[in-house]
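Notes follow the structure.
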Amino acid sequence: MAMKKSPTEIAKEYLASLRRSASGEASTTEYLEFWSDEIEYILPGLWPMAGRYSKAEHIEIVAPMMESNVEGDRVGEPDTGLYGYEFIEEGNKVCVLARSRGRDHRNLLYMNTFCLWMEFNDDGKLVRYLDEADFSSSWQAFWGVQLQ
Amino acid sequence: MEYPADKRGGEMEPKEVVTEFISRCDAGLAGREGGDPYALLAEGIELRIQGHTILAGDYVGREIIEKVLVGGLATRVAKARIELDSLIGDGAKVASLLRITGETIDGKVYNPKDDPGGCLFTVNEDQISQIRLFLDNTMVETVLYGRQYVAPELGEEA
């Protein structure tokens, strides 16, 4: 069975869902409706949130860390979140470049550039998802660490 | 320096060009015969490394990529591999997941978890005209350049 929507269409809907979660228009976990139960979620690198997670591990480990360190009481600002600007797709995969807007641990404006790699099953749910950005700046911005 | 181009009049699919380029890079890093990777780069190639590390920024032209980026990295890197995890193409645009691993001259392992990273290419007439590379910046800072992330002293942030 083929996907009913293209990977790009689903990715755009997913980013809109992430923005609703980040801006407080929806629950902070609404975006998980796009995840299959078999997803491999990859956050590369050596920073506190880095790892490879199942959906259950994301809910247990990553989501609370995001809510406390990344979102915190800053959830609720309009227009916060990820905005895709380039989509390269083939088959059931899409690579998305996106810019983000948020606030750091001092409530200062924070932005980053993301490369998202998404693979979907026939139901249009994410089965492999690489979430990559300049996590060196994220680590400093959200945890307050300094680079020496 | 002369860079012989592998011009074949648009005979190769963009994904083939990228696959061949990665293969040549990996062979070159391993000291194997694999063809000249620079020959697959357009003369005015634009390479951007995302982020805010010392490696981040724009490298325009094959000479700057070879002398500044690759030559600079060679002073820190003892061995490295570049392997293709996944590849998708949409016309001239190609997106890939690469597994870049290696070891520094002082024995630090780069990318010990074998994480994939994104790299986007634009290919025109069998040559790569644009590369956008997402290196893991926490690894670049700590493993390649020996820096550390430290908690601020109490009161330092005020």
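Each reported figure results from applying straightforward, stated rules to the coordinates on display, with no laboratory input. Bear in mind the structure is a predicted one, so any value in this text is a computation, not a measurement. FYI the Cβ positions are ideal-geometry reconstructions off the backbone, even for glycines, and counts take in every protein chain you see.
The lysine pair count for chain B, using Cα distances under 23 Å and pairs eight or more places apart or on different chains, is 6. Taking amide hydrogens as placed 1.01 Å from N in the peptide plane, the amide H of residue B:124 sits under 5 Å from those of B:129, each at least 5 positions away in sequence or on another chain.
One chain, two ends: residue A:122 and residue A:61. Fully extended at 0.36 nm per residue, the span grows by 19.2 nm beyond their Cα-Cα distance.
Looking at chain A only, what percent of DSSP beta bridges run antiparallel? Nearest 5 please.
Expressed as a percentage, antiparallel bridges in chain A total about 90.
Can you tell me what percent of all Cα-Cα pairs in the protein assembly as shown are more than 31 Å apart? It works out to 32 percent of all Cα pairs. With all projection directions averaged, the alpha carbon convex hull of chain A covers 8.4 nm². Projecting the Cα atoms of B:78, B:25, B:124 onto the dipole axis of segment B:14-144, where Lys and Arg carry +1 and Asp and Glu carry -1 at the beta carbon, places B:78 farthest toward the positive end.
Where a ≥ b ≥ c are the square roots of the eigenvalues of the C-alpha gyration tensor, would you call segment A:1-41 rounded, which needs a/c under 1.5, or, failing that, prolate if a/b is larger than b/c, or oblate? Because a/c hits 1.5 or more and a/b fails to exceed b/c, segment A:1-41 counts as oblate.
Charges were assigned to the Cβ only: +1 to each Lys and Arg, -1 to each Asp and Glu. The resulting dipole of the protein assembly as shown about its Cα centre is roughly 340 debye. Separation of segment B:28-105 and segment B:11-26, taken as the distance between their Cα centroids, equals 13 angstrom. Using the Cα centre of the protein assembly as shown as origin and beta-carbon charges of +1 (Lys, Arg) and -1 (Asp, Glu), tell me which of B:145, A:98, A:49 is placed farthest towards the positive end of the dipole. Of the options given, the answer is B:145.
State to the nearest 20 debye the size of the charge dipole of chain B about its Cα centre, where the only charges are +1 on K and R beta carbons and -1 on D and E beta carbons.
Numbers: 17 positive and 28 negative charges, 45 e Å.
The calculated dipole for chain B is roughly 220 debye.
Taking a sphere under 13 Å around the Cβ of residue B:59 and counting the other residues whose Cβ falls inside, with K and R at +1 and D and E at -1, yields a net charge of 0. Between helix B:14-30 and chain B there is an angle of about 60 degrees, using the helix long axis and the longest principal axis of the Cα atoms. Sequence-ordered 3J(HN,Hα) estimates for segment A:25-32 from the Karplus curve with 6.51, -1.76 and 1.60 and θ = phi - 60° stand at 6, 9, 4, 6, 10, 4, 4, 5 Hz, glycine and proline given as x. Could you list which residues have their amide H under 5 Å from that of residue A:133, counting only those 5 or more apart in sequence or on another chain, with H placed in the peptide plane? Under 5 Å from the amide H of residue A:133: A:115.
Sorting A:132, A:57 by the number of Cβ atoms found within 10 Å of their own Cβ, with the fewest placed first, yields A:57, A:132. In chain B, the DSSP-assigned H stretches of four residues or longer account for a calculated mean residue ellipticity at 222 nm of -4000 deg cm²/dmol, using -39500 (n - 2.57) per stretch and the full residue count as denominator. Computed over segment B:14-144, the percent of Cα pairs more than 22 Å apart is 31. Counting only Cβ charges, +1 for Lys and Arg and -1 for Asp and Glu, the dipole size of chain A around its Cα centre is about 340 debye.
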